[in-house]
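Structure first, commentary second.
The values are calculated or read from the model by the stated rules, or taken from the named source; none is laboratory data. Predicted model, so just to flag it, every value in this text is computed and none were measured. No Cβ is skipped: glycine too gets one built from the backbone with ideal geometry, and neighbour counts run over all protein chains shown. In case anyone asks, the SASA skips ligands and DNA or RNA and just uses the protein heavy atoms, side chains included. Shrake-Rupley method; radii C 1.70, N 1.55, O 1.52, S 1.80 Å.
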Amino acid sequence: MKKKKKYGFRKLINDIHLWIGLISGIIVFIVCLTGTILTFEHEIKALFSESLEITPSGKKISLTELKENLSKELGKEAIISSVTLPEKSTAPYEFRVKQSPKERRGTTYFVDPYTGASLVPKKTSADDFMFSMFKLHRWLLVDSKIGRPIVGIATILFLILSISGIVLWFPKKLKWKNFKAGFKIKTKANWKRVNHDLHNTLGFYSCILILIMGLTGLCWSFEGYRNGLSVVMGTKVFGNRGGNPVNTVTHESLPTISYEEAMAVADQSLPYQGKTAINFPNTNNAYYSIRKYNEDNWSPVTSDQVLIDIYGNVLKKELFAEKPLNVQIASLIKPIHTGEIYGVFSKILYFLACLIGTSLPITGTLIWLNKTKKKKRA
């Protein structure tokens, strides 16, 4: 007569892994599948949209004139808050326009800097599809107040699954020959063994990236988590991490500089080539906030910033490389989550990790069903 096995720690972890996986499997599958698609969101949109490349001819129209013409075209109520000057000479300028000061993001208007003509990209089915994927990923296509916490809870459960999965990946006897089985997939075995190896081995290889995506993704689900992470990191996650950066004083007797003069001052402070984003002075901030992205930098999403008052004085200069590590990490939460941090290289890694994450609920359920059938036969 066989003795009953004791209910030990490993059995507890296995049960936690099993039941949490069954409970959260569908939502985890949806979030990972949409995350896989959204990894190359911009590339997919560009594939289906028309090219907005322009033909350089003659001299560029001044930024002042372009802004004035666009303002006349859109009407007095439109607020042109910023413009992005691309690195390529064949790409149009991107003006960000808000209909009211309370509007957060606004609408992007593309303008040919050589002719001043507005370029309106045609909306494609890819735009609607990717926006649907975004809403499905963030709040399951339901009201955000309901969907956001559901996705957040599923993400927490997925993090527990990842940690418990790593514990179960380690063999009972910690010997090298036992570890080797967890690093490879026996493709010549029967489908049940292949399925088990796909779950076990691929889950191990993708675990670190899945943990990174989960821990950063919770910042959008729970404000309390985001605030707690800000306290732990010692700097604010999202929003203005530096508080009110400068105090400006206006002098009616002094002449103000043009947009081109502000750009010249910025180029002296940041003497390198790259995409440039300019936030124009407004009633709240009487200065130019200019960000520049160094084309030779290690990451395409990091930028240096210089603040210039309306008289041409440099008020503040921030180089990303000189910021404290905690501030650097906090400012990169979004690209760390989406995989844009190292450009195409990190996107490919994130794509593969999300694809594996999508498969884990399926392979895990098949493992459970096979074990259930085996018990019934016994």
- Item | Residue tally, condition modelled with pLDDT of 90 or more and touching a strand residue (DSSP E or B) at 6+ places or on another chain (Cβ under 6 Å), over segment 248-271 | 5
- Residue that is touching a residue at least 12 places away in the same chain (Cβ under 8 Å) and under 23 Å from Ser258 (Cα atoms), where the choices are Thr115, Thr90: Thr115
- State the number of residues belonging to segment 41-55 that are surrounded by 13 or more Cβ atoms within 10 Å (Cβ to Cβ) and over 16 Å from Thr124 (Cα atoms). 1
- Query: Does at least one position in segment 22-41 carry a residue that is touching a strand residue (DSSP E or B) at 6+ places or on another chain (Cβ under 7 Å) and touching a residue at least 24 places away in the same chain (Cβ under 8 Å)?
  - Reply: no
- Query: Could we say that Ala266 is over 27 Å from the mean Cα position of the chain (by Cα), buried (at least 18 other Cβ atoms within 10 Å of the Cβ), of a type in the set (A, V, I, L, M) and in a helix (DSSP H, G or I) here?
  - Reply: yes
- Note on the structure: Requiring at least 1 residues that are in contact with a Cys (Cβ under 8 Å, 6 or more places away or on another chain), the helices (runs of 4 or more DSSP H) wholly within segment 1-84 are 9-38
- Note on the structure: Checked segment 60-80 for anything among the small types (Gly, Ala, Ser), surrounded by fewer than 15 Cβ atoms within 10 Å (Cβ to Cβ) and closer than 22 Å to Met263 by Cβ; matches are Ser62
- Out of the residues in segment 1-21 that are farther than 13 Å from Ser162 by Cα and open to solvent by less than 60 Å² (accessible area, probe 1.4 Å), state the one that is modelled with the lowest pLDDT. Gly8
- Item | Selection count where residues are touching a helix residue (DSSP H, G or I) at 6+ places or on another chain (Cβ under 9 Å), within 28 Å of Asn279 (Cβ to Cβ) and open to solvent by less than 50 Å² (accessible area, probe 1.4 Å), scope segment 341-362 | 3
- Residues within segment 93-147 that are under 22 Å from Leu52 (Cα atoms), open to solvent by 60 Å² or more (accessible area, probe 1.4 Å), of a type in the set (Asp, Glu) and out of contact with any strand residue (DSSP E or B) (no Cβ under 6 Å at 6 or more places or on another chain), tallied: 1
- Message: Thr90 - would you say it is at pLDDT below 95, open to solvent by 40 Å² or more (accessible area, probe 1.4 Å), outside any loop (DSSP other than H, G, I, E, B) and at negative phi?
- Response: no
- Message: When you check Val151 against the structure, is it part of a helix (DSSP H, G or I), surrounded by 12 or more Cβ atoms within 10 Å (Cβ to Cβ), under 18 Å from the mean Cα position of the chain (by Cα) and of a type in the set (A, V, I, L, M, F, W, C), yes or no?
- Response: yes
- Item | Residue among Arg104, Arg96 that is over 24 Å from Ala262 (Cα atoms) and either assigned to a loop (DSSP other than H, G, I, E, B) or outside the structural domain of Ala264 (by the TED database) (or both) | Arg104
- Item | Residue that is nearest to Leu38 (Cα to Cα), among those in segment 172-231 that are among the hydroxyl-bearing types (Ser, Thr, Tyr) and open to solvent by less than 60 Å² (accessible area, probe 1.4 Å) | Thr216
